[in-house]
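What follows is a single structure, written as structure tokens, with notes after it.
The values are calculated or read from the model by the stated rules, or taken from the named source; none is laboratory data. The structure presented is a predicted model; accordingly, all values stated were derived computationally and were not measured. Cβ coordinates were reconstructed from backbone atoms using ideal geometry, including for glycine residues, and neighbour counts include every protein chain displayed.
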Amino acid sequence: MGFLGSLEEYLESNQLFSLERNFDFNLTCFQRNNKRQEKSYTDFLADGLIERADNFYNKFCFLNECLGRCEDEEKFIEIIDACFNLLKYEENSVLHNYLFHVISITDDEILHKNIKYFEKNFMDFLYDKNYIDICSINSLMFTYLVLLHNLKIGGNLNIFQQFITSYKLWSSKFWSDTKLERKKNYGILIYQIQKFHNARDAYLDLEIYTVYDAIAEAYKNVGDVIHSEIFCDLSNELKDSLISSQQLHRTKQFKLLNNDDHHKIKNVFYRINSYRKPITIEILYDFIFQFDSIQNIRAMIKLLENLNFFTFNQLSEISENILIDQINLEANDIYICPLEANGSSFIYQYLTSHSDNLDTKYGAKLKFERSIEDVLKKSNIEDEIVIIDDCSLSGTQTSNILKELLGIREIKPHHEIHCDKIESNLLEKFRISKVNLCFCVGSSYAENVLRTLIDEQRLSNFKVYIGKYLHMTTPTDPNPGNRIFGCNSLIWDSVKQRDDLKEFCRKKGSEVLRDIAEEKGWNQEKLHLSALGYSDLQQVVVFPYSVPKTTLSILWCENENWKPLFPNT
């Protein structure tokens, strides 16, 4: 098969080239111009393929007219030199046409012998950036790829890398001034490199999909949805490939999982990668491969698919709904403050203070203070006090804080102290104030604990509000409620799948909690009860900044032999 046949095969083998025909070329013209067709010099110029008769074109035409076939290595090098010199001074969107003709009449032996010379010039050209327009390097790369296909040899990785990363080296003006069709050609050539080289290089893949995204955005901005979606699809396809190829050091384990497993893992990754300590796909795979069998790995993937991961947007919406829909706030002043000085309540102060919906509903009524005591010093008894926090699943921490504020908690050496007792002159005011305890996520278990404390302490104006309600009961209740390993949990394929993973999580959870258990003076029963989340609540609740301790311990607690997916503060 001759060069022209190779070119035709190359173009037809690629869906983008065959669909778009982005590059201007004419194989029939190449064939007609060959000396064997007895074409005259004047006829050659009249074809319109060459419009200017400068030094380069004269040499090009001389080669065609006088030699017919290029069997002179020096003449070939002279033509190549002239070609690269030309590109330093003017743009040439059809350079590949001329180069294809030169190559088509040059013996393959000469091409093989001088491919390195062509590559050196190309590399210098890219490094020096001695080109006026993107179409010049597009033409060169197009020619280079077809030449490699014809000679059946591999390409120079350095050329590929430099061509791809040149996008980042151009000024924003150079890129923005480039015509859309030339941007598209650049993207299609990168697609060719990606397929032609067939190498997985994470750095290059990152550069490639960055270019795809830029081109997709350019077409989107001019309303060309079809081409925008083409490059979006190419980008997404490459991102998926990049995700799937990052666990190079876990090749054997990686092969144990099927395509469906990897698809599920990627979906989990997209949901959780906004956690405060960035979670990469590599970290996710590292976590999953800590499990002791393929069955438990797949069971853990299923558990992660059912994770209750709350984003900041979701938490903001839930807190808005509580304050607008659940509570009847008719007071002149509404004070929002944290329950403890260093807790997550401050996050919700920020979210509520930046809520347009709450501003529209309450406006200047909303006032924000840094502590309960600050509120009590300024508020009237008829004012409303709102405390918003992320969750109360067991009720233990919230009730401990309330007891500390009231000065009634029995403090033991291993206890964590959350706050000081309210000043004596403000304590009675606190007891009779309208205090709204609001939790974005809560359980019936925690609600019962808090209501019992409120009743015992006769805090008649205290109310509890929960945005997203999780039904849970005490660990000894025959109806275990919303526990991930409970008999009511419907996510599992089989009882064995559930129980095997539960046993692994309990055993590993006991190990990672051992230091905490020693510090807090837990007995073995308490350690065993906490291994699947404090109070044995077996939750899978995760917030973007931390994890409740009622969530499975292996998800947030670590030791030297275990790395959790969501390391806690």
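Restricting attention to region 486-523, which residues are more than 25 Å from ILE294 (Cβ to Cβ), in contact (Cβ under 8 Å) with a residue 60 or more places away in the chain and not in a helix (DSSP H, G or I)? Selection gives GLY521 alone. Scanning region 291-320 for residues that are under 21 Å from LYS463 (Cβ atoms) and in contact with a strand residue (DSSP E or B) (Cβ under 6 Å, 6 or more places away or on another chain) yields LEU315, ILE318, SER319. Checked against the criteria, LYS526 counts as more than 24 Å from TYR348 (Cα to Cα) and either basic (Lys, Arg) or at pLDDT below 95 (or both). Filtered by the rule that a residue be buried (at least 19 other Cβ atoms within 10 Å of the Cβ) and farther than 23 Å from ILE491 by Cα, region 295-319 gives LEU315, SER316, ILE318, SER319.
Of the residues making up region 226-265, just one is touching an Asp or Glu at 6+ places or on another chain (Cβ under 7 Å) and modelled with pLDDT of 85 or more, namely LYS264. Put simply, of ILE190, ILE134 the only residue that is free of Cβ contacts under 8 Å to residues at least 40 places away in the same chain, within 30 Å of ASN221 (Cβ to Cβ) and buried (at least 20 other Cβ atoms within 10 Å of the Cβ) is ILE190.
Checking the stated criteria, SER176 turns out not to satisfy the condition of being part of a helix (DSSP H, G or I), crowded, with 18+ Cβ neighbours inside 10 Å and not aromatic (Phe, Trp, Tyr). Checked against (1) surrounded by 18 or more Cβ atoms within 10 Å (Cβ to Cβ); (2) closer than 29 Å to ILE347 by Cβ; (3) of a type outside the set (Asp, Glu); (4) not assigned by TED's automatic domain parsing to the domain that holds ASN436, ARG506 meets all criteria but (2). Pairs meeting the criteria (first residue in region 151-168 and more than 21 Å from ASN114 (Cα to Cα), second residue of a type in the set (Gly, Ala, Ser), beta carbons under 9 Å, at least 6 apart or on different chains) are TYR167/ALA214.
Somewhere in region 153-162, is a residue of a type in the set (Val, Ile, Thr), in a helix (DSSP H, G or I) and either surrounded by fewer than 14 Cβ atoms within 10 Å (Cβ to Cβ) or modelled with pLDDT of 85 or more (or both)? Yes, region 153-162 contains a residue that is of a type in the set (Val, Ile, Thr), in a helix (DSSP H, G or I) and either surrounded by fewer than 14 Cβ atoms within 10 Å (Cβ to Cβ) or modelled with pLDDT of 85 or more (or both). If you go through region 302-316 and keep only what is assigned to a helix (DSSP H, G or I) and farther than 14 Å from PHE566 by Cβ, you end up with LYS302, GLU305, PHE312, ASN313, GLN314, LEU315, SER316.
Take the conditions under 30 Å from GLU382 (Cβ atoms) and free of Cβ contacts under 8 Å to residues at least 12 places away in the same chain and apply them to GLU447. Does it pass? No: the conditions fail for GLU447. In region 536-569, the qualifying residues are those that are hydroxyl-bearing (Ser, Thr, Tyr) and in contact with a Lys or Arg (Cβ under 9 Å, 6 or more places away or on another chain), and the one that is nearest to LYS502 (Cα to Cα) is SER553.
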